[in-house]
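The values are calculated or read from the model by the stated rules, or taken from the named source; none is laboratory data. Small disclaimer: the values here were computed from a predicted structure and weren't measured. Cβ coordinates were reconstructed from backbone atoms using ideal geometry, including for glycine residues, and neighbour counts include every protein chain displayed. For the accessible areas, the whole protein counts, side chains as well, though only heavy atoms, and no ligand, DNA or RNA atoms are used. Shrake-Rupley method; radii C 1.70, N 1.55, O 1.52, S 1.80 Å.
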Amino acid sequence: MNLLKSIVQYRCPRCRTGKLFNEPFDFYNPLDMPERCPTCNQHFEPEPGFYFGAMFVSYGLSAILLLVPALILVLGYDWSATRAMIVILAIGAISFFRILRLSRSVWIHINVKYQATPVSSQEEG
Ligand SMILES: [Zn+2]
C-alpha cells in the first residue's frame with residue numbers, strides 16, 4: 001500500500017495494514033483510536049498531546065477544502081460572498097469528521113516511519 005492510500009484509508013503508518021481508528025464509526029467518539037496497532041503494535045499516541053500538531057494539518061486541509069471552492073464561486077461564477085459562504089458551511093459540516101481523522105492520519109504518517117516488513121516485536125514507537 002502506498003503512502004497516500006495509507007493516509008486516506010487511515011492505516012497504521014508503520015505497517016500500513018492495521019486500522020488507525022476503531023470501527024464502526026462512532027458519532028460521539030469520531031477520533032476513537034485503539035491504543036496500539038493490532039498488526040505491528042505501533043503505539044498510536046507515542047507521547048501525550050501527540051495530536052496537537054494535527055491541528056495545524058487540519059487548519060491547512062480546511063483552508064484548501066473551503067477556500068478554493070469559495071474563490072471559484074465568487075470569482076468564477078460571480079456569486080455573492082454570502083451565497084458562497086452557505087455552500088462553504090455545508091461543505092465544512094459534511095467533511096468535518098473526515099478532516100479531523102484525515103489530519104490525524106497525515107500527522108502520524110509524518111512522524112512514524114514505514115517499515116516494509118511487519119514487525120511482531122514489542123518495540124516501543
Ligand atoms: Zn501497524
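See the values below:
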item: The lone exception for E45 - which of (1) assigned to a helix (DSSP H, G or I); (2) in contact with an Asp or Glu (Cβ under 8 Å, 6 or more places away or on another chain) it fails; result: (1)
item: Verdict on I72 being within 16 Å of the ligand (Cβ to nearest atom) and either open to solvent by less than 80 Å² (accessible area, probe 1.4 Å) or not in a strand (DSSP E or B) (or both); result: no
item: Residue match in region 87-99 (condition: under 30 Å from A116 (Cα atoms), open to solvent by less than 80 Å² (accessible area, probe 1.4 Å) and either within 16 Å of the ligand (Cβ to nearest atom) or not β-branched (V, I, T) (or both)); result: yes
item: Residues (among the charged types (D, E, K, R), part of a loop (DSSP other than H, G, I, E, B) and surrounded by 14 or more Cβ atoms within 10 Å (Cβ to Cβ)) located in region 1-42; result: R14, R16
item: Candidates R98, R36, R83 - the one that is of a type outside the set (F, W, Y) and in contact with a strand residue (DSSP E or B) (Cβ under 9 Å, 6 or more places away or on another chain); result: R36
item: Residue under evaluation S105, criteria (1) within 16 Å of the ligand (Cβ to nearest atom); (2) loosely packed, with under 13 Cβ neighbours inside 10 Å; (3) hydroxyl-bearing (S, T, Y), criterion not met; result: (2)
